[in-house]
1. I need to check one value: relative contact order of region 1-135, counting alpha carbon pairs closer than 8 Å and at least 6 residues apart, in percent.
2. Which of these, D162, D124, D34, has the largest mean-square fluctuation under a Gaussian network model of the chain (Cα springs below 10 Å)?
3. Place +1 on the Cβ of every Lys and Arg and -1 on the Cβ of every Asp and Glu in the chain, take the dipole about the Cα centre, and give the residue among I127, L140, T100 whose Cα lies farthest towards its positive end.
4. Each residue of region 167-184 in turn: what ³J(HN,Hα) in whole Hz from Karplus with 6.51, -1.76, 1.60 and θ = phi - 60°, glycine and Pro shown as x?
5. For the chain, what is the calculated [θ] at 222 nm in deg cm²/dmol (nearest 500), taking -39500 (n - 2.57) for each run of four or more DSSP H residues and dividing by its residue count?
6. Give, as a single signed number, the net charge of other residues whose beta carbon lies under 9 Å from the beta carbon of V94, with Lys and Arg counted +1 and Asp and Glu -1.
7. Report the relative contact order of region 79-198, percent, no decimals, based on alpha-carbon pairs under 8 angstrom and at least 6 residues apart.
8. A 24 angstrom limit on the alpha carbon distance is what I want to check against. Which of K103/K193; K16/K103; K163/K193; K44/K170; K64/K154 exceed it?
Amino acid sequence: LSRAMEFRFDLNELFKQPIVEVGNTLIPPGFTGDKRALWDVQSKMSQIVNAIGEASAHAQGLSKPITTADRLRNSEYKLYLLMDPTANNGKGAVTGMLKTGTKGLYVFDRNGQHYQVSPQCVLDFYIHESRQRTGLGRRLFEHMLQRQQIEPEKMAIDRPSDKFLGFLSKHYGLNAPVKQMNNYVVYDGFFPKTHETP
Ligand code: ACO
């Protein structure tokens, strides 16, 4: 785990930008080619997703990955992959991932008021050990917020680690998480504003 995720194939041929977004097709944006090329790209993308999913699970102390190519194929999730194009002698290396998706949830605010909502959720987030705390997580997270046109406090977070809670506090001033029974966490700004009645 001393270096970022490297593969035998050239990542720069697969990824046209340092952050790529993939969904259930496992096809990176900008792909062109025939059926065989498509199959090849999907097979490489599966290897990448499985490898980074496993590394993320390991980093979070989970017994099995929550992100796999198979699960992504059968989902409406968005997976953002971050890569360093210059690593591995110019073949590139994958340095992080962030997975989001919409979930139907039942959440409680601090006063015990409950809401049935379908928020966008942060489901899996990982930066390679060799690159953590260098600002890459923030870069990837900001990209996602832009793409999804959302404020961080409007997202629900599935089982956040202490590192991620620290990350949200540091970069977005989000403190005092409201922990839910379903292991999700939200912040006060998540709930619709209610007017105080005197
Ligand atoms: N200990 C405590 N806080 C940390 C740590 C750490 N080891 N690493 C990052 N942070 C927090 C701190 O607030 C830190 O600021 P500081 O260095 O001034 O204290 C801040 O994140 C740094 O910001 P970035 O450099 O942009 O963050 P990074 O690139 O490290 O990405 C991430 C953050 C994704 C949480 C990364 O540290 C990581 O992959 N950790 C291991 C896996 C993990 O915990 N993932 C989140 C699981 S929860 C979920 O996925 C829904």
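1. Working: 223 pairs, mean separation 37.4, N = 135.
After rounding, I find 28 percent.
2. Of the options given, D34 has the highest mean-square fluctuation.
3. I127
4. 4, 5, 5, 5, 8, 10, x, 8, 10, 6, x, 9, 7, 9, 5, 7, 6, 7
5. On the way: 5 runs with 58 residues, N = 198.
So the calculated ellipticity at 222 nm is -9000 deg cm²/dmol.
6. On the way: positive: none; negative: E6, D84.
Charge balance near V94 sits at -2.
7. Values: 170 pairs, mean separation 23.9, N = 120.
It rounds to 20 percent for region 79-198.
8. Values: K103/K193 21 Å; K16/K103 30 Å; K163/K193 29 Å; K44/K170 35 Å; K64/K154 28 Å.
In this structure, K16/K103; K163/K193; K44/K170; K64/K154 lie more than 24 Å apart at Cα.
The numbers here are math on the coordinates, done by the rules we state, and not lab data. Please read all numbers here as calculations on a predicted model, not as lab measurements. No Cβ is skipped: glycine too gets one built from the backbone with ideal geometry, and neighbour counts run over all protein chains shown.
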